[in-house]
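The values are calculated or read from the model by the stated rules, or taken from the named source; none is laboratory data. If you're wondering where the values come from, they're calculated on a predicted model, not measured in any experiment. Neighbour counts are summed over all protein chains in view; Cβ atoms, including those assigned to glycine, are modelled from backbone coordinates with ideal geometry. In case anyone asks, the SASA skips ligands and DNA or RNA and just uses the protein heavy atoms, side chains included. Shrake-Rupley method; radii C 1.70, N 1.55, O 1.52, S 1.80 Å.
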Amino acid sequence: MSLIENIIRSDVRALAAYHVQDAAGYVKLDAMENPYTLPPHLQQALGERLGKAALNRYPVPTYAALKQAICSKLGVPTGYDIVLGNGSDELISMVSVACAKPGAKVLAPVPGFVMYAMSAQLAGCEFVGVPFKEDFSLDLPAMLKAIQHHKPAITYLAYPNNPTGTLFEVAAIEAILHAVGDQGVVIVDEAYQPFAETSFMPRLPEFPNLIVMRTVSKLGLAGIRLGYMAAADDLLAEFDKVRPPYNVNVLTQTTAEFLLEHVDVLDQQAVKIRQERERMSALLKSWSGVQVIPSHANFLLIRITAPDLSGSAVFERLLAQKVLIKNVGKMHTLLANCLRITVSTPAENALFEAALKISLQP
Ligand SMILES: *Cc1c(COP(=O)(O)O)cnc(C)c1O
């Protein structure tokens, strides 16, 4: 046996490395990034603030000031605390590790965010995916049946969902929270909350098993890696034990505190993106050969329906025109011929629309 075979878990060896396309020279619409940067006066003020940050010190271990700012500015209900993560990906990993009793299961509707299954597997939990209905709405009877059968320790609901952009019905989420009861936690992942204008955050007091997870990534700060989750104190205390020490660095902490003082700037960027999403989706709906799935996020999921044309062919044609989107057609059978496009600036969106128009020609 080789060194690798001697030491690396077979399930890890079997994993394919996460492939990220090199985007240099492309209109980059593949990763749900906010296209807008900070206005120059804020860039300068942030630079000064970062210059004064205590880089020689470990972060304050409680992160009290940053947590306080997040709770007060981002709508965490009074009496609720948060745990911070190096992106919400790290929070997903922390919850998976903390809940990984022998035989523990993790459940989510599919197709969904790939890290739910990945983190579950790495933590040694079994992942159970429950397919959506054809229109990407929740199959509530199937979800409830799976919950009863598998008794998942963790159930994820991305609200809105990635890669579909759909919002689940509030009553369906409530039914799932009740069905899970004290057998598990339900994580409502609100990564796209700034574009959805709805949230389960205010509902925390009603559900002791509810965790509301968010990130600042899609809001315009993907580079700083910061996520947070709010839940009842007794749950958070357990998750905090598996949090790596000092997992949020001083530069991230300082940047986040600064931007929360100017959160209106990010909110306005989100408004522009929502407007563009509505304009683009109306435009693409008027074209033949594409179906547009109604989106509540900062991306559009479309399906190529033109005869003799596949989603992959359109993806390649766009790539040849230097437009990079995400080909999700192979992720799940329900996503056949589907493509996911991040909503960007009006100028970049126009480049995409022109390239797509050409790509749809037979
Ligand atoms: C992007 C995304 C995340 C991860 O966000 P990070 O904070 O950047 O790690 C979590 N959940 C969903 C549904 C996402 O799309």
Just the residues that are out of contact with any Leu (no Cβ under 9 Å at 6 or more places or on another chain), without any contact (Cβ under 8 Å) to a residue 60 or more places away in the chain and of a type outside the set (D, E, K, R), please, taken from region 320-331.
Ala320
Under 9 Å between Cβ atoms, which residue pairs at least 6 apart in sequence (or on different chains) link something in region 87-115 that is under 20 Å from His19 (Cα atoms) and open to solvent by 30 Å² or more (accessible area, probe 1.4 Å) with a partner that is more than 16 Å from the ligand (Cβ to nearest atom) and not small (Gly, Ala, Ser)?
Ser93/Val242
Against the conditions (1) open to solvent by 50 Å² or more (accessible area, probe 1.4 Å); (2) assigned by TED's automatic domain parsing to the domain that holds Leu91; (3) aliphatic (A, V, I, L, M), where does Leu235 fall short? Just the number, please.
(1)
Number of positions in region 162-179 that are within 16 Å of the ligand (Cβ to nearest atom) and without any contact (Cβ under 8 Å) to a residue 60 or more places away in the chain:
2
Can you go through Leu300, Leu351, Leu339, Leu334 and tell me which one is part of a strand (DSSP E or B), in contact with a strand residue (DSSP E or B) (Cβ under 8 Å, 6 or more places away or on another chain) and touching a residue at least 40 places away in the same chain (Cβ under 8 Å)?
Leu300
Scanning region 333-362 for residues that are open to solvent by less than 20 Å² (accessible area, probe 1.4 Å) and among the polar types (S, T, N, Q), which turns out nearest to the chain's Cα centre (by Cα)?
Thr342
The lone exception for Leu226 - which of (1) away from the ligand (no atom under 15 Å from the Cβ); (2) closer than 22 Å to Ile154 by Cα; (3) open to solvent by less than 50 Å² (accessible area, probe 1.4 Å) it fails:
(1)
Whether any residue in region 245-268 is more than 16 Å from the ligand (Cβ to nearest atom), within 26 Å of His296 (Cβ to Cβ) and free of Cβ contacts under 8 Å to residues at least 40 places away in the same chain is what I want to check.
yes
For region 129-137, state whether one or more residues are in the same structural domain as Tyr228 (by TED's automatic domain parsing), open to solvent by less than 20 Å² (accessible area, probe 1.4 Å), within 15 Å of the ligand (Cβ to nearest atom) and out of contact with any Asp or Glu (no Cβ under 8 Å at 6 or more places or on another chain).
yes
Inside region 1-32, the number of residues satisfying the requirement of being in a loop (DSSP other than H, G, I, E, B) and open to solvent by 100 Å² or more (accessible area, probe 1.4 Å) is 6
Of all residues in region 180-203 being more than 21 Å from Phe299 (Cα to Cα), in a helix (DSSP H, G or I) and in contact with a strand residue (DSSP E or B) (Cβ under 9 Å, 6 or more places away or on another chain), the one that is nearest to the ligand (Cβ to nearest atom):
Met201
Tally, over region 204-219, of residues that are open to solvent by 30 Å² or more (accessible area, probe 1.4 Å) and part of a helix (DSSP H, G or I)
3
Residues that are assigned to a helix (DSSP H, G or I), touching a Phe, Trp or Tyr at 6+ places or on another chain (Cβ under 6 Å) and more than 19 Å from Gly75 (Cα to Cα), drawn from region 245-276
Arg274
